[in-house]
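Here is the structure we will look at, set down as structure tokens.
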Number of protein chains: 2
Amino acid sequence: MNLKPLSESTEMYLKAMAEMSYQDVVAVGRLAERLGVTAVSANEMMRRLGEQGLVSHTPYKGVNLTKKGREVAGNVIRRQRLWECFLYDHLKIEWSQVYEFACSLEHATAPELTEALAEFLGNPKTCPRGNPIPAADGSFKPLDAIPLSEIKLGQAAHVLAVNATATDVLKYLQEKNILPGRDVTVVEVAPMQGPLTLRVGGKDVALGLPMAEFVLVKII
Amino acid sequence: MNLKPLSESTEMYLKAMAEMSYQDVVAVGRLAERLGVTAVSANEMMRRLGEQGLVSHTPYKGVNLTKKGREVAGNVIRRQRLWECFLYDHLKIEWSQVYEFACSLEHATAPELTEALAEFLGNPKTCPRGNPIPAADGSFKPLDAIPLSEIKLGQAAHVLAVNATATDVLKYLQEKNILPGRDVTVVEVAPMQGPLTLRVGGKDVALGLPMAEFVLVKII
DNA sequence: AAAATTTTTATGGTTGACCTTATTATTCCA
DNA sequence: TGGAATAATAAGGTCAACCATAAAAATTTT
């Protein structure tokens, strides 16, 4: 099916796009931001990925994963999240560092390895950050959840997953106990996109809106 | 200690040098051959590695790992072989494919990961190919063994390790049962660097001299 | 509709690790 | 010792993925 070896860069772009595709068209600028490259570089890359049939780019509108691109991205994310499970459950790596390490390993993982790893782990369904693990054929659907940033004042919610990837962000969330499985209540929303104040486990915690977007919850 | 991130290429060169250093000066040409690059490329790389203080190159004589280079190489090999153990023992990957997969993973492995993996595996002392795993500080010494190619006619030997890395070579050795732990006897040595004929497990097996160099044995 | 902002394209530059094709230097061997 | 083989250097090229700067195009805001 997929004979061409994808570069690390390609994998990072596809992964980022899939993770951002709750909006099903992604602005190239946002993508560049998330990946820490310039908009020019991201545009160049979109051209390359377009030529490979992995993304479709409508100028001035945004980019989309093609069917093929989505399948490839699913596989990349699968590998990544399986490694997260291994690192967390078996190697006892710090929760906040797991993503980062798994990301490197992901790029170095052949399909046979992926499936052997899945088997070894007992085919887990979610990673330690609560995100679902795509199926072996690369298929996946987004979690049925909304970002914490959209929760109304006073409402309580159950944290399903944390979609952040940066280690320092994950570390912060861990310290504040905003983790999959926890319940939080929004006790204050400051004006001007100010921070949310959350009550979690008996303590009040401030959380900036940008960070709150990475926390996926279900209202309870 | 080691703050600079080494490139994948650098790691491959250092690893190859360490694995070839039963002779303690390595001809750049041999190195190029083993790595599948041209002599020119290998020379260029030796200059770069020399500048980084990892190798010392005496023109027309050969290259040597420096103390620092040897330590780094030891760490690279440690990572590699620990992954080999994991892939073979836990993921049940084919013996002949283990090296290849472990090699990719090695490049993506941070020190914290390495030690967590060693712990998980119970600090194994040898990889599935029988090679010793360097210590956490990067130190290692070569196996006390000689290549099968140097065994005299009629002599019996115990296979300690297989130093080959190419999957097809490993596959061949596996099929012929020339594996760590086995005993072999040299029953014929053809002239003109012709193949050895070995008796192993009741069967006669032909083995070319170049391949026999990769089989490390102890006379019994 | 004009102004401001965001996107895209164009052009040219860098880096690392390769490559080829000479040319020069050294070592080995008969 | 003289030629063959091997090793090293020089010069110039490629490729992917970045970068910066600048100009053009489209969209959004006012």
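The values are calculated or read from the model by the stated rules, or taken from the named source; none is laboratory data. Quantities reported herein were computed from a predicted structural model and do not represent experimental measurements. Virtual Cβ from ideal backbone geometry, glycine too; neighbours counted across all protein chains shown. All accessible areas refer to the heavy atoms of the entire protein, side chains included, with ligands and DNA or RNA removed. Shrake-Rupley method; radii C 1.70, N 1.55, O 1.52, S 1.80 Å.
Residue by residue, here is whether (1) closer than 27 Å to A:Thr109 by Cα; (2) surrounded by 17 or more Cβ atoms within 10 Å (Cβ to Cβ) holds:
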site	(1), (2)
B:Ser9	yes, no
B:Arg34	yes, yes
B:Pro59	no, no
B:Lys68	no, no
B:Gln80	yes, yes
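Cβ-Cβ contacts under 7 Å between residues 6 or more apart (or on different chains), taken from a first residue in the range A:202-220 that is under 18 Å from A:Lys152 (Cβ atoms) to a second residue that is among the basic types (Lys, Arg), are listed as A:Val205/A:Lys176.
Every residue, every condition in (1) in contact (Cβ under 8 Å) with a residue 40 or more places away in the chain; (2) open to solvent by less than 70 Å² (accessible area, probe 1.4 Å); (3) farther than 30 Å from B:Ala108 by Cβ; (4) hydroxyl-bearing (Ser, Thr, Tyr), yes or no:
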{"position": "A:Ala135", "(1), (2), (3), (4)": "yes, yes, no, no"}
{"position": "A:Leu170", "(1), (2), (3), (4)": "yes, yes, no, no"}
{"position": "A:Thr185", "(1), (2), (3), (4)": "no, yes, yes, yes"}
{"position": "A:Arg199", "(1), (2), (3), (4)": "no, no, yes, no"}
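The test for being open to solvent by less than 50 Å² (accessible area, probe 1.4 Å), in a strand (DSSP E or B) and of a type outside the set (A, V, I, L, M) does not hold for A:Thr114.
Results for (1) touching a strand residue (DSSP E or B) at 6+ places or on another chain (Cβ under 8 Å); (2) under 23 Å from A:Ala16 (Cα atoms), shown as yes or no for each residue.
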position	(1), (2)
A:Glu119	no, no
A:Asn123	no, no
A:Pro142	no, yes
A:Gln155	yes, no
A:Lys171	no, yes
A:Leu179	yes, yes
A:Thr185	yes, no
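Looking only at the range B:187-197, count how many residues are surrounded by fewer than 20 Cβ atoms within 10 Å (Cβ to Cβ), within 23 Å of the chain's Cα centre (by Cα) and either within 12 Å of B:Leu148 (Cβ to Cβ) or small (Gly, Ala, Ser) (or both).
First pass over the range B:187-197, keeping only residues surrounded by fewer than 20 Cβ atoms within 10 Å (Cβ to Cβ): B:187-195, B:197.
The next check asks that each one be within 23 Å of the chain's Cα centre (by Cα); those that pass are B:193, B:195.
Now drop any that are not either within 12 Å of B:Leu148 (Cβ to Cβ) or small (Gly, Ala, Ser) (or both), which leaves B:195.
Residues that pass the stated criteria total 1.
Would you point out the residue of the range B:137-157, among those that are hydrophobic (A, V, I, L, M, F, W, C) and in a loop (DSSP other than H, G, I, E, B), that is least open to solvent (accessible area, probe 1.4 Å)?
Filtering the range B:137-157 down to residues hydrophobic (A, V, I, L, M, F, W, C) leaves B:140, B:143, B:145-146, B:148, B:151, B:153, B:156-157.
From what's left, in a loop (DSSP other than H, G, I, E, B): B:140, B:143, B:145, B:151, B:153.
Working: B:Phe140: 50, B:Leu143: 55, B:Ala145: 29, B:Ile151: 9, B:Leu153: 111 Å².
The qualifying residue least open to solvent (accessible area, probe 1.4 Å) is B:Ile151.
Close Cβ contacts (under 7 Å, 6 or more residues apart or on different chains) running from residues in the range B:109-133 that are facing chain A (nearest Cβ under 10 Å) to residues that are assigned to a helix (DSSP H, G or I) and surrounded by fewer than 19 Cβ atoms within 10 Å (Cβ to Cβ) comprise B:Phe120/A:His90. Evaluate the range B:167-187: report whether one residue or more is assigned to a helix (DSSP H, G or I), more than 15 Å from B:Ser96 (Cβ to Cβ) and among the small types (Gly, Ala, Ser). No, the range B:167-187 contains no residue that is assigned to a helix (DSSP H, G or I), more than 15 Å from B:Ser96 (Cβ to Cβ) and among the small types (Gly, Ala, Ser).
B:Lys67 fulfils the conditions (1) free of Cβ contacts under 8 Å to residues at least 12 places away in the same chain; (2) on the phi < 0 side of the Ramachandran plot; (3) within 14 Å of another protein chain (Cβ to nearest Cβ) except for a single criterion, (3).
Mind checking which residues of the range A:32-54 are away from DNA strand D (no atom under 11 Å from the Cβ) and of a type outside the set (D, E, K, R)? If the condition is that a residue be away from DNA strand D (no atom under 11 Å from the Cβ) and of a type outside the set (D, E, K, R), then A:Gly50, A:Gly53, A:Leu54 are the ones that fit. The condition of being within 14 Å of DNA strand D (Cβ to nearest atom) and among the acidic types (Asp, Glu) holds for only one of A:Glu71, A:Glu8, A:Glu19, that being A:Glu8. When residues in the range B:36-57 are screened for being more than 10 Å from DNA strand C (Cβ to nearest atom) and open to solvent by less than 40 Å² (accessible area, probe 1.4 Å), 5 of them pass.
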